[in-house]
Every structure is written in C-alpha cells, then in structure tokens.
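The structure appears below as structure tokens.
Bear in mind these aren't lab numbers, they're just calculated from the coordinates by the rules spelled out. Note that the coordinates shown come from a computational prediction; the quantities given were computed from them, not determined experimentally. Cβ atoms come from the backbone with ideal geometry, glycine included; neighbour counts cover every protein chain shown.
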Ligand code: 4NP
C-alpha cells in the first residue's frame, strides 16, 4: 500500500501529513507495509525544505520534517500510489484533472475524509500566522488516526470522496 499526500507547495501541509502519517502508521505496526510520500501540485518550491513554521509546529509535537524535500506531482504518481490524498478542494480538482484515466481518478480523495468531521479543507497556512500551522497539525493528526483505523479495519476504500 502506497499513500501520497498532496497540497500546493509541498512545504507546509503535505510534509506535515507525511511525517504524522509515517509515525502513526509505524506506531500501529504498519511500518514496511504502508509507504507514505508527499508532493505539491505547484512547482514553486521544488527541491526546497519545508517551511520553518511547519517544522517548528511539528517539532513541538515531536515530528521531524527537516529531511523532507519538496517535489511536484508527476504522472507516474497515479500509477505508483494506491491512495492520493488532497489537502483541499483546489488540490483535489487539480489532481482529478491530472489523472490520466478513471482508475487513477478514483484514487484521489481528501485527507480529511478520514477525520471525524465533515470538513474537507485543510486551510492553506502559508500566508497566515503561526497558529494556522497548529491548526494544520490538529486536522492532520485527526485524519491520520482515522486512516490508521480504516486500514486496521480493512475498509479504507469505503471512504472515497464523492
Ligand atoms: P502548502 O502551502 O501547499 O501547504 O505547502 C503553500 C506553500 C507555498 C505556497 C502556497 C501554499 N506558495 O504559493 O508559494
């Protein structure tokens, strides 16, 4: 099983989700069975390190983002990954438009499909204050817990976005 988390720049939301998912999956015993990666729909930050505000907020909860480097979504991702999880509706629409066919399009969901609330958007924190990065972590941690539970119960496919 391979999971790709996608936001716009791949320096704030998706690297945060990348690190949170990796840790929570490892804690649940999925290490080696589920692979996680992240990417951005945009090309602004290719090769760049995660935003220092995202690194700091994550470090406060014990997650390390500093080794991650931004990359852009590429066509091969739609083949390689089983689930492609968008951070917001703009990312979702861009991914659906990039997907080469119906089978690949069906892999695109919202990360927050796995969180408890009906909310689908992880707000873009890039132009916001530091507290927005804490909010990203709250949402991402909730979704990661839900995704781990879905994998444990084997029903992750039932969470497909409409
Ligand atoms: P992210 O945040 O999509 O969560 O990584 C952003 C980072 C950079 C930009 C926008 C959003 N930007 O426009 O450069």
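Worth pointing out:
- Using bins of 10 Å that start at zero, the share of Cα-Cα pairs per bin across the range 9-57 amounts to 27, 45, 26, 2, in whole %.
- Quotient of the Cα radius of gyration of the chain and 2.2 N^0.38 Å, N being its number of residues: 0.93.
- Sites residue 103 and residue 150, calculated FRET efficiency, Cβ-Cβ separation with R0 25 Å, nearest 0.05: 0.75
- Mean ellipticity per residue at 222 nm, deg cm²/dmol - from DSSP H runs of n ≥ 4 across the chain, formula -39500 (n - 2.57): -12000 deg cm²/dmol
- Contact order, relative form, for the range 2-158: 26 percent (alpha carbon pairs under 8 Å, 6 or more residues apart, mean separation divided by residue count).
- The three principal axes of the Cα atoms in the range 37-84 give end-to-end lengths of 35, 23, 14 Å, sorted in falling order.
- Packing order of peptides 140-150, 38-48, 8-18, highest average first: 8-18, 140-150, 38-48 (average count of other Cβ atoms within 10 Å over each peptide's residues).
- Global geometry of the range 94-161, whether rounded, prolate or oblate, following the gyration tensor of its Cα atoms and the 1.5 cut on a/c: oblate
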